Amino acid sequence: MELIKENLPCHVAIIMDGNGRWAKRHGLKRYQGHEKGADTVRMVVRTTRELGIPYLTLYAFSEENWKRSSIEIQTLMRLLNRFLESELNEMMENGIRLLAMGRLYKLPSATQKLLYKTMEITSKNKDMTLILALSYGGRQEILDAINEILKQKYEPGEITEEILRSHMYLKEIPDPDLLIRTSGEMRISNFMIWQIAYTELYITPVLWPDFSKEDYLSALNDYQKRDRRFGGAD
Ligand code: IPE
Ligand code: IPE
Ligand code: MG
């Protein structure tokens, strides 16, 4: 499969779904699916960096995921902590800057500390930006932006797209060009609903723990065949 370097997306976003179903299919516990899914995260980060794609956003934990059992939430937070600790060297060696978006104050304090520490240490890295969406919801992001805007003196009619955008969690990041969702659900599940207005969607039935480098390259290859018109005409 040949990828055209000039036509790679600038920003790939991924809804990493299907860990639970993968575990069930293998007669394992849900947490084991999440553990296996963490390996896919490493592969995707590495491949994105190798290809020279500047931005990668991973939907790791949604606002609605707080509804899950405390055991499952603890497992996910433990895996996140482990990922942040084990990947720091690789992030530094490969020039990867880490950012996070969401209602981060809801995360366990140890996770918050580790997250802020990792963001600080990697903040000068310039080759790629890895964004983790954590305790993230697209509706909540828009609501948080509106509540920030209301602290200032605006008159009706004065709020522009640029003003709303400048109050989003990460205002300087370009909108995703490609959104991948694994495990076949035909929905967005409250992910970046403002930013994906013109994003190309790619949904694959492959479960996240099974998502391979070849699957990722296939998604990118498919993206390269798209005709992005943004509402215009040829
Ligand atoms: C994705 O896998 C991981 C998170 C949402 C944190 P799921 O845990 O949603 O797996 P399924 O959808 O139940 O298979
Ligand atoms: C979306 O997956 C959230 C993440 C991948 C973090 P979910 O499994 O939570 O979404 P639904 O419940 O299938 O819509
Ligand atoms: Mg799911």
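Pop out the ³J(HN,Hα) list for the range 185-190 in order, Karplus 6.51 cos²θ - 1.76 cosθ + 1.60 with θ = phi - 60°, rounded to Hz; leave Gly and Pro as x.
Each residue's phi maps through the Karplus curve to give 5, 8, 8, 9, 6, 6 Hz.
Calculate, in whole percent, how much of the Cα-Cα pair population of the range 104-188 lies beyond 17 Å. Provide the component values of the computation, followed by the final result.
Numbers: 2296 of 3570 pairs.
Within the range 104-188, distances greater than 17 Å cover 64 percent of Cα pairs.
With 10 angstrom as the radius, rank L3, L130 by how many other C-beta atoms surround their C-beta, starting from the fewest.
On the way: L3 13, L130 23.
If I rank by nearby Cβ atoms, fewest first, I get L3, L130.
In what order do S135, S109 fall by count of nearby beta-carbon atoms within 10 Å, going from fewest to most? Write down the numbers at each step before the final one.
Numbers: S135 21, S109 8.
Least to most surrounded, the residues fall as S109, S135.
Please report how far the C-alpha centroid of the range 81-145 lies from that of the range 178-234, rounded to the nearest whole angstrom.
Here the two parts' Cα centres lie 22 Å apart.
Defining a contact as two alpha carbons under 8 Å apart and six or more residues distant in sequence, what relative contact order in percent does the chain show? Please report the intermediate quantities before stating the final value.
Numbers: 356 pairs, mean separation 69.9, N = 234.
Reported relative contact order: 30 percent.
Would you please give the residues with an amide H less than 5 Å from that of I131, counting only those at least 5 places away or on a separate chain, with H modeled from the backbone geometry?
Result for I131 returns L56, T57, L58, L99.
Going by C-beta contacts inside 10 Å, put V44, V12, V206 in order with the fewest on the left.
Values: V44 23, V12 27, V206 20.
Fewest-to-most Cβ neighbours within 10 Å comes out as V206, V44, V12.
Apply the Karplus parameterisation 6.51 cos²θ - 1.76 cosθ + 1.60, with θ equal to phi minus 60°, to every residue of the range 101-116 and state each ³J(HN,Hα) to the nearest whole Hz, in sequence, with x for glycine and proline.
Coupling constants for the range 101-116: 9, x, 7, 4, 5, 7, 6, x, 4, 5, 5, 4, 4, 4, 4, 5 Hz.
Jot down the radius of gyration and Dmax of the chain, Cα atoms only, both in angstrom.
17.9, 58
Rg/Rh for the range 128-234: what does it come to with C-alpha atoms and Rh from Kirkwood? Kindly include the intermediate steps, with their values, before the conclusion.
Values: Rg = 16.7 Å, Rh = 16.2 Å.
Looking at the range 128-234, the ratio lands at 1.03.
For the range 89-180, which GluC sites (Glu not before Pro) are both in a DSSP coil and crowded by at most 13 other Cβ atoms within 10 Å? Walk me through the numbers before you get to the answer.
Details: sites: E90, E93, E120, E141, E148, E158, E161, E162, E172; in loops: E158, E172.
When the GluC sites (Glu not before Pro) of the range 89-180 are filtered for loop state and at most 13 Cβ neighbours within 10 Å, E158, E172 remain.
Where q = 0.09, 0.13, 0.16, 0.21 Å⁻¹, what log10 of I(q)/I(0) comes from the Debye formula for the range 19-156, counting one point per Cα?
-0.32, -0.63, -0.91, -1.32
In the range 150-201, what is the volume of the convex hull around the alpha carbon atoms, normalised per residue and reported in Å³?
Numbers: hull volume 5.8 nm³, N = 52.
Spread over its residues, the Cα hull of the range 150-201 gives 111 Å³ apiece.
Using a 10 angstrom Cβ neighbour count of at most 12 plus a DSSP loop assignment to flag exposed trypsin sites (Lys or Arg not before Pro), which longest range of the chain is free of such sites?
On the way: sites that count: K124, K126, K151, K153, K171, R187, K225, R228, R229.
Counting at most 12 other Cβ atoms within 10 Å as exposed, the longest clean stretch of the chain is 1-123.
Step through the residues of the range 64-70 one at a time and calculate ³J(HN,Hα) from phi using the Karplus curve (6.51 cos²θ - 1.76 cosθ + 1.60, θ = phi - 60°), rounding each to whole Hz and writing x for Gly and Pro.
For the range 64-70, the Karplus-derived couplings read 6, 5, 5, 6, 6, 5, 5 Hz, x marking Gly and Pro.
Please tell me which of these pairs span more than 29 angstrom C-alpha to C-alpha: K29/K67; K29/K171; K29/K106; K24/K213; K124/K151? Numbers along the way, then the final one.
Working: K29/K67 18 Å; K29/K171 38 Å; K29/K106 26 Å; K24/K213 23 Å; K124/K151 31 Å.
Violating the 29 Å limit, Cα to Cα: K29/K171; K124/K151.
Tell me which GluC sites (Glu not before Pro) from the range 1-88 have a DSSP coil assignment and no more than 10 other beta carbons within 10 Å of their own. Don't skip to the answer; put the middle values down first.
Details: sites: E2, E6, E35, E50, E63, E64, E72, E85, E87; in loops: E2.
Answer by residue number: E2.
We did not get these values from a lab; they are worked out from the coordinates using the rules stated. As the structure is a prediction and not an experimental result, all values here were calculated from the model. We place every Cβ from the backbone using ideal geometry, glycine too, and count neighbours over all the protein chains shown.
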